[in-house]
Amino acid sequence: MIELKNVKKGFDGKPIIKGVSMILEAGKCNLIIGTSGSGKTVLTKCIVGLFTPDEGEVLYEGEDMMLMNKYEVKALRQKIGMLFQGSALFDSMTVEQNVMFPLDMFTNLSYSEKKKRADEVLNRVNLKEDSFKKFPAEISGGMKKRVGIARAIVLNPKYLFCDEPNSGLDPQTSLLIDKLIQEITEEYNMTTIVITHDMNSVMEIGDHIVYMYDGLKRWEGTKHDIIYSKDEMLNKFIFASQFLQDVKQMRMEEEQGKK
């Protein structure tokens, strides 16, 4: 679990994050959503320690990250997995070598042990063995995302951060990636934080959703709560098109039918 208490962050005297508190729960997909400039990226960088908050606390299992010494911070960062927006794979390395990279950096395992672990997580994200020796340029966008996820979980992290995991993917592949992130989150009981603009992700895996607006947490709830939200700004963001408004109406009718 990660807890934020009244986190504030600004640059050159301009406030960006204006006092945000929230709890990001283990075993759940915690989504942070909002328009460009809403503060979600700066907030995420505060959570992972890339930015130091001006005020407030970032607590990992009750321990304030800002009060940790450099050895404690290093140990914490080894418990954090990152899936970057563009996957950020090394072009000169094979799929298998990309996934082994964190093991090379942070463990003293033998080559055979590292290869075994890398192959385990590549199998877990449903990649076939004939792709392990390929280079990133030789695989599809969806496969790159799977490799990125495999690399993010190879150290068996407690915390998984995903930056726009569906960026550049077709709708069908996006759903598969969403499902994979959800399965891994539940299977390993990770605290997963997903920064996304993808409304399919919101509706499919939004166990806990935080909507950021102008540096503040404007709304918080689940994918079920969001259907009934009366927050005007949130509804404009989520259900911008007529199609999505129709989807909302349909979901509301489905939910009412279950009661």
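Residue selection: A88 fails the criterion of being touching a strand residue (DSSP E or B) at 6+ places or on another chain (Cβ under 7 Å), modelled with pLDDT under 95, surrounded by fewer than 18 Cβ atoms within 10 Å (Cβ to Cβ) and small (G, A, S). You will find that of T191, T173, T196, the residue that is more than 14 Å from S87 (Cα to Cα), touching a Cys at 6+ places or on another chain (Cβ under 9 Å) and assigned by TED's automatic domain parsing to the domain that holds G34 is T196 and no other. The number of residues in segment 1-15 being closer than 12 Å to E55 by Cα and not charged (D, E, K, R) comes to 5.
If I filter segment 52-76 down to residues being in contact with a Phe, Trp or Tyr (Cβ under 9 Å, 6 or more places away or on another chain) and in contact (Cβ under 8 Å) with a residue 12 or more places away in the chain, which single residue comes out as surrounded by the most Cβ atoms within 10 Å (Cβ to Cβ)? By that ranking, first place goes to Y60. K134 meets all of the listed conditions (1) surrounded by 15 or more Cβ atoms within 10 Å (Cβ to Cβ); (2) farther than 19 Å from C46 by Cα; (3) in contact with a Leu (Cβ under 9 Å, 6 or more places away or on another chain) but one, namely (3).
When the test is whether a residue is of a type outside the set (S, T, Y) and either buried (at least 17 other Cβ atoms within 10 Å of the Cβ) or touching a Cys at 6+ places or on another chain (Cβ under 6 Å) (or both), V48 passes it. Within segment 226-259, if we keep just the residues that are loosely packed, with under 13 Cβ neighbours inside 10 Å and modelled with pLDDT of 80 or more, the residue that is farthest from S38 (Cα to Cα) turns out to be Y228.
Residues that are in contact (Cβ under 8 Å) with a residue 60 or more places away in the chain, closer than 21 Å to I226 by Cβ and not aliphatic (A, V, I, L, M) within segment 1-36 comprise S21, E25, G27, K28, C29, N30, G34, T35, listed in sequence order.
Reported count of residues in segment 127-158, each being part of a loop (DSSP other than H, G, I, E, B), over 24 Å from the mean Cα position of the chain (by Cα) and at pLDDT 95 or above, is 4. Answer with yes or no whether T173 is farther than 21 Å from L234 by Cα, at pLDDT 90 or above and either among the small types (G, A, S) or assigned to a helix (DSSP H, G or I) (or both). Criteria not met by T173. Listed by position, the strands (runs of 3 or more DSSP E) inside segment 1-41 whose residues that are under 14 Å from the mean Cα position of the chain (by Cα) and closer than 26 Å to N200 by Cα number at least 3 are 28-33. Of the residues making up segment 165-203, those that are surrounded by 17 or more Cβ atoms within 10 Å (Cβ to Cβ) and among the acidic types (D, E) are D178, D198. Scan segment 56-67 and give yes if some residue there is within 15 Å of the chain's Cα centre (by Cα) and of a type outside the set (A, V, I, L, M), otherwise no. The answer is no; no qualifying residue exists. The residues of segment 1-19 that are crowded, with 19+ Cβ neighbours inside 10 Å, over 17 Å from T191 (Cβ atoms) and out of contact with any Pro (no Cβ under 7 Å at 6 or more places or on another chain), listed by number, are I16, I17.
The values are calculated or read from the model by the stated rules, or taken from the named source; none is laboratory data. For clarity, every value in this text was computed on a predicted model and none was experimentally measured. For neighbour counting, all protein chains shown are included, and Cβ atoms are generated from backbone atoms with ideal geometry for every residue, glycine included.
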